[in-house]
1. For the range 88-121, give me each residue that is in a loop (DSSP other than H, G, I, E, B) and closer than 19 Å to PHE78 by Cβ.
2. Look through the range 175-185, keep the residues that are surrounded by 12 or more Cβ atoms within 10 Å (Cβ to Cβ) and at pLDDT below 95, and return whichever of them is nearest to the chain's Cα centre (by Cα).
3. Scan the range 19-30 residue by residue and report those that are in contact (Cβ under 8 Å) with a residue 40 or more places away in the chain and more than 13 Å from ASP160 (Cα to Cα).
4. What's the number of the only condition in (1) without any contact (Cβ under 8 Å) to a residue 60 or more places away in the chain; (2) assigned to a loop (DSSP other than H, G, I, E, B) that PRO176 fails to meet?
5. Return the residue satisfying two criteria in turn: it lies in the range 67-76 and is free of Cβ contacts under 8 Å to residues at least 60 places away in the same chain and not β-branched (Val, Ile, Thr), and of such residues it is nearest to LEU5 (Cα to Cα).
6. Give all pairs with beta carbons closer than 6 Å in which a residue from the range 130-144 that is assigned to a helix (DSSP H, G or I) meets a residue that is basic (Lys, Arg) and at pLDDT 95 or above; count only pairs at least 6 apart in sequence or on separate chains.
7. List pairs: first residue in the range 77-105 and among the hydrophobic types (A, V, I, L, M, F, W, C), second residue surrounded by 13 or more Cβ atoms within 10 Å (Cβ to Cβ) and part of a loop (DSSP other than H, G, I, E, B) anywhere in the structure, Cβ distance under 6 angstrom, at least six positions apart or on different chains.
8. Among the helices (runs of 4 or more DSSP H) confined wholly to the range 1-72, which include 3 or more residues that are hydrophobic (A, V, I, L, M, F, W, C), surrounded by 15 or more Cβ atoms within 10 Å (Cβ to Cβ) and modelled with pLDDT under 95?
Amino acid sequence: MPVYLVILVVGFVCNTASAFTTAYSRRWGERRGSLVTAVLRNILGIPVWAAGFVLALRAPSSFLFAPSGASRAAGIVFILAGAAVITVALVTIRSRAAVPSTSDALVQTGVYAHVRHPIHSGTFLEFLGLFLMKPSASVAAACGLGVVWLLVQTKCEEIDLMKRLPGYRAYQDAVPRFFPRWVRRGAGDGRHS
């Protein structure tokens, strides 16, 4: 297995382990539980998997298609769009992203009124952008693994969020997971768009 994939898996596992804030808080108390989550995500998870992507980008690998100026431009647009979505989401939830706790309040405003996991949505866009900029086999493998990881991460986070955020189940029923609904639902169906 290429080194970049090993590094990606280690980073993804550490990042996914951060989705157990409730379990850590029950075991070690609120403050230590939040600290464990923050360390796993912010110190071990994100920097390690980001390094894995850098290595995938640098790895000698054949191209799946010949990159063009248009594909590279589209890649830049997707990366910038993903970064914008992530930035707006982080500004909206502030410290809850870096140090989640069992005393957090559910955020249903801003971008969170339209999607439950905008940070993950932005990351999907960035993966697509990276692949369009450098459509190599190594980048495709890294992005494919990243998509699988985001799906697992989201599932784990939602289990944790239902345990620690009152009202999350109703929010989950009303708001789509990754991408906003483009058509507003009728007023009579009891759901929000």
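The values are calculated or read from the model by the stated rules, or taken from the named source; none is laboratory data. The structure presented is a predicted model; accordingly, all values stated were derived computationally and were not measured. Here the Cβ positions follow ideal geometry from the backbone for every residue, glycine too, while neighbour counts run over all protein chains shown.
1. Those that are in a loop (DSSP other than H, G, I, E, B) and closer than 19 Å to PHE78 by Cβ: HIS114, VAL115, HIS117.
2. Among those residues, the one meeting the criterion is PHE179.
3. Matches in the range 19-30: GLU30 only.
4. Against the list (1) without any contact (Cβ under 8 Å) to a residue 60 or more places away in the chain; (2) assigned to a loop (DSSP other than H, G, I, E, B), PRO176 comes up short only on (1).
5. Filtering first and then ranking leaves GLY75.
6. MET133/ARG72
7. Within 6 Å, the pairs are ILE93/VAL107.
8. Here the list reads 30-38.
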